[in-house]
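Written out below as structure tokens is the structure these notes cover.
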Amino acid sequence: MANDIEYLNQIAQDNRVAKKETLGKFPIEPKWLKIIGAGILGVILIIIIGGLLGGLGHKERDLVDQIYARTRNLNQAISEYGPKVKSSELRSMGNSLSNVLAETNSKVGALLTSEYGADGTDPRDEATTTSELDHIAEVNTNLNYGWLNGLMDRYFVMEMTREIALLMSLETEVTEKASSESVKNVLVNSWNNLSQLENQFSSYENSTN
């Protein structure tokens, strides 16, 4: 009896050793299962990483679109309200800011084509266009209020100080994300110029309070 049990156990063990993993009707060695699994995992990781990198690229491009629209719209506001400013010093600062915005706008427009393959310079994202139009509408409303109420200089310096800071923040965000040295160089140069003007506007604002 003991021999019979031992014999049956031996048969069961031999069956376990001989049994192979199968895929459909075809037997597959365990090592090949591991290789196939690793291959599938690798493909999934490539897809995920590619999606993340693509998303970052789109985000960077959208921010550059935003800078282009912001510099263009703000420069138009300065052209309209700058001449209404009474202080010759403040008008001169406004002209300097206008020059920096025009230069940045021109160079960023060129980058949209050379670095991001844009067909035109208008933002490709309708949401960006809408948000920037809303943004400049608020700036113009505030400047117009200052003009109508005899407070043009005060509102001009307040709006420009705020807008310079916001634009510098956008440029910093893109510079930190961008892989292109051309993009970084343009925005760093613009940021440095804006930084000097921000100090001038802030000093002027403090001196009149």
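Taking the Cα centre of segment 104-209 as origin, sum charge times position over the Cβ atoms of Lys and Arg (+1) and Asp and Glu (-1), and report the length of that vector in debye to the nearest 20.
300
Once phi is turned into θ = phi - 60°, what whole-Hz ³J(HN,Hα) does the Karplus curve with 6.51, -1.76 and 1.60 give for every residue of segment 60-73, x standing for Gly and Pro?
Coupling constants for segment 60-73: 4, 4, 4, 5, 5, 4, 5, 5, 4, 5, 5, 5, 5, 5 Hz.
Counting only other residues whose beta carbon sits under 14 Å from that of residue 157, what net charge do I get with K and R as +1, D and E as -1?
Taking every other residue near residue 157 into account, the sum is -1.
By how many nm would the segment from residue 119 to residue 88 grow when fully extended, if each residue of separation counts as 0.36 nm and the alpha-carbon distance is taken off?
Here the answer is 7.1 nm.
Specify which residue in the list 155, 170, 195 is farthest towards the positive end of the charge dipole of segment 104-199, using unit charges on the beta carbon of Lys, Arg (+1) and Asp, Glu (-1), about the Cα centre.
Farthest towards the positive end: 195.
What do the square roots of 5 times the Cα gyration tensor eigenvalues come to for segment 70-157, in whole Å, largest first, as semi-axes of the equivalent ellipsoid?
They are 29, 16, 6 Å, listed largest first.
Could you look at segment 90-209 and say what percent of its accessible area is carbon and sulfur, using a 1.4 Å probe and all protein chains?
The value for segment 90-209 is 46 percent carbon and sulfur by accessible area.
At q = 0.30 Å⁻¹, work out log10 I(q)/I(0) for segment 129-189 with the Debye formula, treating every Cα as an identical point scatterer and leaving solvent out; two decimals please.
With one equal scatterer per Cα and no solvent, log10 I(q)/I(0) is -1.11.
Can you give me the distance in nm between label points at residue 202 and residue 148, each placed 7 Å from the Cα along the Cα-to-Cβ direction?
3.2
Determine, from the Cβ-Cβ distance of residue 195 and residue 141 and an R0 of 22 Å, the FRET efficiency 1/(1 + (r/R0)^6), rounded to the nearest 0.05.
0.25
State the extension gain, in nm to one decimal, for the chain segment bounded by residue 80 and residue 62, taking 0.36 nm per residue of separation less the distance between their alpha-carbons.
3.8 nm
The values are calculated or read from the model by the stated rules, or taken from the named source; none is laboratory data. For clarity, every value in this text was computed on a predicted model and none was experimentally measured. Backbone-built Cβ (ideal geometry, glycine too); neighbour counts: all protein chains shown. Remember, those area values only see protein heavy atoms, side chains included, never the ligands or the DNA or RNA. Shrake-Rupley method; radii C 1.70, N 1.55, O 1.52, S 1.80 Å.
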